[in-house]
Amino acid sequence: MVLTKVHSVDPLNPDEDIIDRCCKAILNGAIIVFPTETVYGLGAYVYNVEAVRKIFIAKSRPMDNPLIVHISKIDQLYEIAIDVPEIVNIIAENFWPGPLTILLRKNRSVPKEVSGGLDTVAVRMPAHPVALKLIDCSGPIAAPSANISGRPSPTSPYHVLVDMFGRADIILDAGETFFGVESTIIDILSDPPKLLRPGAMPIEKIEEVLNKRIEIPVFALGYKESEKALAPGMKYKHYAPKTPLIIAKSRDYTDCRRYAEKVKKIAMDLIARGRNIAVVASTETADIYIDLNIKIFVLGSRKNLFEIAKNLFGVLRELDRSGVDMAIVEGYPEKGIGITIMNRLIKASGYRVVDVDTD
Ligand code: AMP
Ligand code: MG
């Protein structure tokens, strides 16, 4: 058990003295939970192998699941990567700071523990004043999400305290994160560039800026493919609450109330079999389930999928406190940020997806 210090800071204008203390601590080998615009990260100074190892222990994370290196200035890119292609300038100009992670060839100075033994390194510049100020002071920080491995990523200080108190040296509490889902990861070393993980940056936007098609492998949508084809880390259980989930997928959500009536039938069937269930619904559909007398969780409006994404991990964690046996979760159209939402839901359910149009 580690003695964890907790500091609260203003997310937009953090106390410089606290940032300075955290910076010194991280350079001395501390592991620190810090806010990013996506989710909270658990960071170590990228060149401190012992500290990087502590991250894997604190999270119970398999050592072959690589971390993302967070930078605050473009110069730092050239410290950690080699053979940086031209396209990175366009990416940096258009998307950084922001929730887009790219793969580059790793500089030997970056310990193999950071990249899970691979010769590539994942890099991004987070759009959060606290993260940027900390990295400006310390230099590049290697960080995965600050959850216990396999659990939903932390989007609020409460989630962080539950998972990381007694495991991290310092927790920097800056309130809720802005997006609530992790960064989008693309492999720009392959041609066409390949999506490794959908995230807070919609793929369509990247395609538009790069003027290039991005290949979307089946596993990036969240569906099962051969274990061998998976990117590192993608083969592990992810984002899962303890409560079993069933994702109710449809071809078409346009008439969302008609869709929800089909979800309701699945719910009624489970209730008839004596299951104590909950439904995870949207503002537009929640009332349809009221007469079932079950717990209803609302993620937000279908008209604003960013809202749904922001609340997703928090609601998955709430399910575990609600005492239900299982939850049926409504699906969302698989485009834009909807791809990210469905990827997280499908993985969180352990691929338990029912098709309401055919089943
Ligand atoms: P997390 O920040 O917890 O979401 O974890 C970082 C994610 O980045 C994991 O899903 C890793 O698999 C992915 N990642 C990091 N480095 C690489 C890499 N070199 N190649 C492929 N994926 C990577
Ligand atoms: Mg993670």
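Taken together, the values in this text are just the output of simple stated rules run on the coordinates, not laboratory data. Quantities reported herein were computed from a predicted structural model and do not represent experimental measurements. Don't worry about glycine lacking a Cβ; one is built from the backbone with ideal geometry, like all the others, and counts go over all protein chains shown.
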query = Using 7 Å Cα-to-Cβ label points, what is the CYS137/LYS335 separation (nm, one decimal)?
reply = 4.6 nm
Label zone at LYS224, where the point sits 7 Å out along the Cα-to-Cβ direction: the range 323-359 residues whose backbone N lies under 11 Å = 350-353
key: Over 27 Å between alpha carbons, listed pairs LYS59/LYS224; LYS54/LYS133; LYS5/LYS112; LYS59/LYS133   = LYS5/LYS112
VAL6 long-range amide H proximity, modeled H, under 5 Å = ILE171
request  = May I ask for the angle, rounded to the nearest 10°, between helix 129-138 and the longest principal axis of the chain, with both axes built from Cα atoms and the value confined to 0 to 90°?
outcome  = 30 degrees
ask   = Per the helix-only calculation at 222 nm, which mean residue ellipticity applies to the chain, given -39500 (n - 2.57) for every DSSP H run of n ≥ 4 and division by its residues, nearest 500 deg cm²/dmol?
value = -9500 deg cm²/dmol
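Could you state the orientation-averaged shadow area of the convex hull built on the Cα atoms of the range 215-359, in nm² to one decimal?
Taking the Cα atoms of the range 215-359, their convex hull projects to 8.7 nm² on average.
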ask   = Which of VAL181, TYR223, ASN147 sits closest to the plus end of the dipole of the range 145-264, meaning its Cα is farthest towards the positive end, when Lys and Arg get +1 and Asp and Glu get -1 on the C-beta?
value = TYR223
inquiry  = Can you tell me, using C-alpha contacts under 8 Å and at least 6 residues apart, the relative contact order of the chain as a whole percent?
reply    = 19 percent
remark   = Under the Karplus relation with 6.51, -1.76 and 1.60 and θ = phi - 60°, whole-Hz ³J(HN,Hα) for the range 48-55, x at Gly and Pro, equal 9, 4, 4, 5, 4, 4, 4, 4
message = Using 0.36 nm times the number of residues separating LEU161 and ILE148, minus their current alpha carbon distance, what extension gain do you get?
response = 3.6 nm
request  = Kindly put MET1, MET63, MET201, MET164 in sequence by how many other C-beta atoms sit within 10 Å of each C-beta, fewest to most.
outcome  = MET1, MET63, MET201, MET164
C-alpha long axis of helix 337-348 to longest principal axis of the chain, angle in ° = 80 degrees
inquiry  = Using Cβ contacts closer than 10 Å as the measure, can you line up GLU330, GLU113 from fewest to most?
reply    = GLU113, GLU330
inquiry  = I'd like to know which of LEU270, PHE95, VAL209 lies farthest towards the positive end of the charge dipole of the chain, counting +1 on Cβ of Lys and Arg and -1 on Cβ of Asp and Glu.
reply    = LEU270
For the range 66-72, 3J(HN,Hα) per residue [Karplus equation, 6.51 cos²θ - 1.76 cosθ + 1.60, θ = phi - 60°, Hz, x = Gly/Pro] = x, 9, 9, 8, 9, 10, 10
key: Where labels lie 7 Å past Cα in the beta-carbon direction, separation of VAL49 and ILE216 in nm   = 4.1 nm
query = Can you give me the relative contact order of the range 144-294 as a percent, contacts being Cα pairs under 8 Å and 6 or more apart?
reply = 16 percent
key: Lys, Arg +1 and Asp, Glu -1 on Cβ, resulting dipole of the chain about Cα centre, debye, nearest 20   = 1060 debye
inquiry  = Assuming 0.36 nm per residue, please report the length gained on full extension of the stretch ALA272 to ARG258 beyond their Cα-Cα distance.
reply    = 2.9 nm
task = Report, by chain and number, residues whose modeled amide H sits under 5 Å from the one on ILE31, excluding near sequence neighbours (fewer than 5 apart, same chain).
result = ASP169, ILE170
query = What ranking do THR285, THR38, THR120 get, fewest neighbouring Cβ atoms within 10 angstrom at the top?
reply = THR120, THR285, THR38
request  = Under 24 Å Cα to Cα from LYS295, which lysines show up? Leave out anything in the same chain fewer than 8 places away.
outcome  = LYS242, LYS249, LYS262, LYS264, LYS265, LYS303, LYS310, LYS347
Shape parameters for the range 1-53, alpha-carbon atoms, Rg then Dmax in Å = 11.5, 31
Stokes-Einstein diffusion coefficient of the chain, Kirkwood radius over Cα pairs, 20 °C, 1.002 mPa s, in µm²/s = 103 µm²/s
remark   = Quick note, the range 52-176: a/c under 1.5 would make it rounded; otherwise a/b > b/c is prolate and the rest oblate (a ≥ b ≥ c, C-alpha gyration tensor); here it is oblate
note = According to the Cβ-distance criterion of 4.7 Å, cysteines of the chain with no possible disulfide partner are CYS22, CYS256
remark   = Sorted by chain and then number, the residues having a modelled amide H within less than 5 Å of the amide H of ILE68, at least 5 places away or on another chain, are ALA143
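How far, in nm, would the chain grow between LYS73 and ASN13 when pulled straight, counting 0.36 nm per residue and subtracting the alpha carbon separation?
Extending this stretch completely gives an extra 19.7 nm.
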key: q = 0.09, 0.15, 0.21 Å⁻¹: log10 I(q)/I(0) that the Debye formula gives for the range 156-280, counting C-alpha atoms only   = -0.44, -1.08, -1.21
request  = Sort out for me the Cα centre separation of the range 256-335 from the range 161-201, rounded to whole Å.
outcome  = 25 Å
message = If I fit a long axis through the Cα atoms of helix 16-27 and take the longest principal axis of the Cα atoms of the chain, what angle between them do I get, 0 to 90°, rounded to 10?
response = 80 degrees
